[in-house]
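All remarks here apply to the structure that follows.
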Number of protein chains: 2
Amino acid sequence: MKQLSPGQQNQVPFVSVEHMTSIVLAQGVETFLSELTDYIEEDYKRWMLFDKTPRVASHSQEGVVELMPTSDGEIYSFKYVNGHPKNSKKGLQTVTAFGALSDVDSGYPVLLSEMTILTALRTAATSALAAKHLVLGGEEKKGSSLTMALIGNGAQSEFQALGFRAILGVEKLRLYDIDKTATRKCAENLEKLGFQIVSCGSVDEVVLGADIITTVTADKQNATILTDNMVGAGVYINAVGGDCPGKTELHRDILLRADIFAEYLPQTRIEGEIQQLDPDHPVIELWEIIQGKSDWKKGGKNVILFDSVGFAIEDFSALRYVKDLLLKTGHYQLLDMIAEPEDPRNLFGMLQNSRKSAA
Amino acid sequence: MKQLSPGQQNQVPFVSVEHMTSIVLAQGVETFLSELTDYIEEDYKRWMLFDKTPRVASHSQEGVVELMPTSDGEIYSFKYVNGHPKNSKKGLQTVTAFGALSDVDSGYPVLLSEMTILTALRTAATSALAAKHLVLGGEEKKGSSLTMALIGNGAQSEFQALGFRAILGVEKLRLYDIDKTATRKCAENLEKLGFQIVSCGSVDEVVLGADIITTVTADKQNATILTDNMVGAGVYINAVGGDCPGKTELHRDILLRADIFAEYLPQTRIEGEIQQLDPDHPVIELWEIIQGKSDWKKGGKNVILFDSVGFAIEDFSALRYVKDLLLKTGHYQLLDMIAEPEDPRNLFGMLQNSRKSAA
């Protein structure tokens with residue numbers, strides 16, 4: 001792994017919120033999403049190399065705090081992320097995150113980064129990657145005639161829209177949220193960017209004519225956002241909001257007539273929509289499609305469901321991409337994070353010498 | 001949980017290596033260790049409140065990277081820590097660490113800190129806390145006549161010595177390391193602080209007349225540092241170095257004639273000296289002694305063994321202590337770590353607005 005600052009392994013590059021904003025805007029949001037999708041796809045193509053483990057969750061009444069580690073044997077990554085649905089009523093983010101990359105050979109961290117913005121981007125990039133393979137058979141930008149319904153118009157919604165435009169070419173959106181001000185906010189943001197928007201007053205209305213339905217709501221409960229009668233044959237559902245035990249968005253009947261795809265089954269069985277199904281209900285992992293290892297073919301009458309909960313490898317890819325952009329953009333600061341005594345066995349001497357130099 | 005900077009939850013206080021050094025020296029190392037021992041003891045007294053889970057380890061040929069989370073229902077903490085025995089040959093630290101505290105109700109991080117120095121301190125404080133209860137029956141500073149053998153004179157050794165002086169009053173030390181320059185370094189550091197030091201040429205020699213034997217070596221293998229014939233009846237062993245699968249320091253025969261104490265059994269059965277024993281071999285958890293819940297009494301001929309591997313609650317206590325010192329000492333910087341849009345649902349608008357203000 002390349003050093004950012006040779007000989008200064010005690011200095012860890014940190015990407016703040018301001019730095020991340022500058023990096024994303026310097027690339028352009030859609031270019032960032034497009035390149036990030038490529039990084040995630042690369043890592044899905046070497047899926048077997050990774051250490052994979054369901055995330056480590058600490059649940060409380062108000063929400064959940066999770067750690068998401070993974071490693072490809074050369075680089076290790078983890079993300080800290082919370083999910084607190086009531087936060088927005090307090091003026092706080094529902095989801096905040098930060099994370100790090102480190103060098104497996106030495107164990108030293110090599111990047112620390114904000115990941116609140118980055119998580120919204122990698123979630124959208126993963127959704128777009130899945131849809132590229134499951135809707136367009138792996139080809140990009142052939143979906144400009146497709147209409148996407150976007151249910152849930154909160155913090156992640158615009159990123160989803162931009163991801164689907166960057167990768168699939170989707171321009172036509174139908175928006176719905178139980179909170180009309182959220183829909184207005186989302187519509188205003190996206191109209192400026194040239195999308196064709198229809199704002200809707202109900203779920204029944206928003207799904208009319210939609211080829212793709214993206215659900216990205218935030219309630220921590222089993223909220224049946226979509227019922228069976230609302231979803232026509234062959235529709236593609238990108239289910240993003242249900243992502244912890246007891247938090248789902250789809251009626252079970254939809255799942256029973258769907259071809260279902262997931263990121264990492266041991267995690268999705270606990271957290272995804274499929275927590276409503278038997279633990280041996282057939283589900284295909286996305287990497288199998290991306291690597292051409294599955295004989296699944298699009299074209300039946302079944303609904304196609306990507307049951308997304310977010311997996312550690314996507315964060316790994318996102319941090320890897322940000323690290324590759326650091327030298328190019330220069331948007332980071334160095335943190336004095338690792339104690340570096342002249343003699344590594346003399347950590348105590350380093351403390352003592354500070355006393356002398358301070359005296 | 002008190003805010004450091006009211007109304008600025010997006011700014012997270014960060015304690016760098018330099019800040020940590022300043023904090024520890026401002027308190028004085030032994031005062032720091034003594035107060036930290038009190039914090040750990042407080043948390044051991046409310047053991048049942050904590051979420052407890054074995055650490056999440058990612059092993060490679062060169063070492064291990066671990067995440068250690070816990071929560072008391074109000075505060076959540078985690079530590080990132082690596083263990084790479086060959087690092088010191090490359091001029092790097094064997095163990096480096098950093099960690100965070102966050103507010104369970106909002107999920108927002110409230111402290112990020114270096115923990116390389118802090119881990120050495122909390123390990124020593126935990127060792128001293130265990131010895132206070134297991135050697136002195138819970139009383140402090142009654143052990144000035146005791147002699148401690150210190151096997152392994154690397155980065156953690158001086159902290160162990162200072163912990164045992166701060167809490168038990170131990171002044172007499174016997175030192176041994178396979179690397180004589182490590183012993184010389186340790187002796188020089190500790191003689192300046194008034195310890196009575198005997199440097200020894202072998203393990204057989206170092207344990208002569210020792211009441212307490214602390215083993216704090218770093219090899220990632222089953223290294224039989226101590227064999228059965230070396231350890232007399234009633235000796236107290238503080239075994240710190242063995243802390244992952246396949247890494248032990250004591251011969252099994254010692255364990256078979258020892259009263260054994262551990263931090264958290266589901267973790268220590270995997271990582272500690274007792275990985276050499278049957279999974280149902282009787283072992284007492286330290287909190288049971290500290291809370292007076294065990295009827296174990298000192299005084300038999302058995303060796304007494306504290307099979308320390310380090311547990312997440314000790315890091316929780318250490319971060320809690322550092323956080324309490326921040327306002328007093330002022331040694332921290334604020335990091336722009338959490339995205340804070342005016343409307344929490346409008347993360348994308350925050351990005352867009354940065355574009356405008358940059359234009």
Checklist outcome for this item: Within the range A:18-42, residues being of a type in the set (Gly, Ala, Ser) and within 16 Å of the chain's Cα centre (by Cα) number 1
Checklist entry - With B:286, B:250, B:277, B:226 as the choices, which residue is under 28 Å from residue B:49 (Cβ atoms), out of contact with any Pro (no Cβ under 6 Å at 6 or more places or on another chain) and not small (Gly, Ala, Ser)? => result B:286
Checklist outcome for this item: Over the range A:43-56, the set of residues facing chain B (nearest Cβ under 10 Å) and over 17 Å from the mean Cα position of the chain (by Cα) is A:51
Checklist entry - Just a yes or no: is a residue in the range B:288-307 assigned to a helix (DSSP H, G or I) and within 14 Å of chain A (Cβ to nearest Cβ)? => result no
Checklist entry - Counting residues that are in contact with a helix residue (DSSP H, G or I) (Cβ under 7 Å, 6 or more places away or on another chain) and farther than 17 Å from residue A:345 by Cβ, which strands (runs of 3 or more DSSP E) fully inside the range B:160-243 reach at least 3? => result B:236-239
Checklist entry - Can you tell me which residue in the range B:102-122 is surrounded by the most Cβ atoms within 10 Å (Cβ to Cβ), limited to those that are more than 18 Å from residue A:335 (Cα to Cα), in contact (Cβ under 8 Å) with a residue 60 or more places away in the chain and in contact with a helix residue (DSSP H, G or I) (Cβ under 7 Å, 6 or more places away or on another chain)? => result B:122
Item to check | Breaking point among (1) outside any helix (DSSP H, G or I); (2) under 25 Å from residue B:159 (Cβ atoms), for residue B:53 | outcome: (2)
Checklist outcome for this item: Residue pairs within 8 Å by beta carbon, gap of at least six or interchain, first lying in the range A:71-97 and within 18 Å of residue A:314 (Cβ to Cβ), second aromatic (Phe, Trp, Tyr) and in a loop (DSSP other than H, G, I, E, B), listed first then second, are A:71/A:50; A:72/A:50; A:82/B:108; A:96/B:108
Checklist outcome for this item: Among (1) assigned to a helix (DSSP H, G or I); (2) over 27 Å from residue A:114 (Cβ atoms); (3) polar (S, T, N, Q), residue B:119 falls short only on (2)
Item to check | From the options B:185, B:192, residue that is within 14 Å of chain A (Cβ to nearest Cβ), in contact with a Lys or Arg (Cβ under 7 Å, 6 or more places away or on another chain) and not aromatic (Phe, Trp, Tyr) | outcome: B:185
Checklist entry - Can you tell me which residue in the range B:323-347 is surrounded by the most Cβ atoms within 10 Å (Cβ to Cβ), limited to those that are assigned to a helix (DSSP H, G or I) and in contact with a helix residue (DSSP H, G or I) (Cβ under 7 Å, 6 or more places away or on another chain)? => result B:347
Checklist entry - What's the number of the condition residue A:128 fails, among (1) among the hydrophobic types (A, V, I, L, M, F, W, C); (2) within 11 Å of chain B (Cβ to nearest Cβ); (3) over 25 Å from residue B:98 (Cβ atoms)? => result (2)
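Let's see how each residue does on (1) over 17 Å from the mean Cα position of the chain (by Cα); (2) surrounded by fewer than 24 Cβ atoms within 10 Å (Cβ to Cβ); (3) of a type in the set (Lys, Arg); (4) not assigned by TED's automatic domain parsing to the domain that holds residue A:83:
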residue: A:237; (1), (2), (3), (4): no, no, no, yes
residue: A:250; (1), (2), (3), (4): yes, no, no, yes
residue: A:253; (1), (2), (3), (4): yes, yes, no, yes
residue: A:267; (1), (2), (3), (4): no, yes, no, yes
residue: A:271; (1), (2), (3), (4): no, no, no, yes
residue: A:274; (1), (2), (3), (4): yes, no, no, yes
Checklist outcome for this item: Those residues of the range A:60-108 which are more than 17 Å from the chain's Cα centre (by Cα), closer than 23 Å to residue A:325 by Cα and more than 7 Å from chain B (Cβ to nearest Cβ) amount to A:72, A:74, A:75, A:103
Checklist entry - Has the range B:206-215 got any residue that is within 24 Å of residue B:66 (Cβ to Cβ), crowded, with 23+ Cβ neighbours inside 10 Å and in contact (Cβ under 8 Å) with a residue 12 or more places away in the chain? => result yes
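The values are calculated or read from the model by the stated rules, or taken from the named source; none is laboratory data. All of these numbers come straight from a predicted model, not from anything done at the bench. No Cβ is skipped: glycine too gets one built from the backbone with ideal geometry, and neighbour counts run over all protein chains shown.
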